[in-house]
Amino acid sequence: MAPTLAHGDRLLCHYGARVRAGSVVVAQHPLRQDLLVVKRAVERRATGWWLLSDNSAVESDSRDYGPVPDALILGRVLLRFTPKPAWLAPPPWCRAALRAMPYGMARRFGDFRRA
């Protein structure tokens, strides 16, 4: 998931959360279900979610194993809290609060103001 995430980043996930296109999700690998993967949900298909890595050079995603069934999607990643905190998918109620914060403080959590 580079450049969005790096190996060793600690994430806060909302297990069982509704997945939307563009969300970063935690899922069980369809071919090795003992392995958890973090990918971006790109598109909902009849057989599941099409998951892609943000790094296009990595091919261990839906281009390799096809759509991931809903039962294997565990939850949505909300934020990375180490090494550098950043919101990956803030809840809608939080976006308005971040827009109202001073710019420097909002930038620490991810700036959602339009340029």
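For region 53-68, the candidate set comprises residues that are among the hydroxyl-bearing types (Ser, Thr, Tyr) and in a loop (DSSP other than H, G, I, E, B); within that set, the residue that is surrounded by the fewest Cβ atoms within 10 Å (Cβ to Cβ) is Ser56. Residues in region 18-47 that are assigned to a strand (DSSP E or B) and either in contact (Cβ under 8 Å) with a residue 60 or more places away in the chain or of a type in the set (Asp, Glu) (or both) were compared, and the one that is farthest from Tyr65 (Cα to Cα) is Val24. Evaluation of Trp50 against the conditions (1) without any contact (Cβ under 8 Å) to a residue 24 or more places away in the chain; (2) buried (at least 16 other Cβ atoms within 10 Å of the Cβ); (3) over 21 Å from His14 (Cβ atoms) shows that the sole unmet condition is (3). Out of region 37-68, which residues are of a type in the set (A, V, I, L, M) and within 13 Å of the chain's Cα centre (by Cα)? Scanning region 37-68 gives Val37, Val38, Ala41, Val42, Leu51, Leu52.
Of a type in the set (S, T, N, Q) and at pLDDT 90 or above, is that true of Ser53? Spelling it out, it is not the case that Ser53 is of a type in the set (S, T, N, Q) and at pLDDT 90 or above. Would you check which residues across region 56-83 are of a type in the set (A, V, I, L, M), under 21 Å from His14 (Cα atoms) and at pLDDT below 90 and list them? The answer is Leu78, Leu79.
The values are calculated or read from the model by the stated rules, or taken from the named source; none is laboratory data. Owing to the predicted nature of the structure, the values given are computational and were not obtained by experimental measurement. A quick note on method: Cβ atoms are made from the backbone with ideal geometry, for glycine too, and the neighbour counts reach across all protein chains shown.
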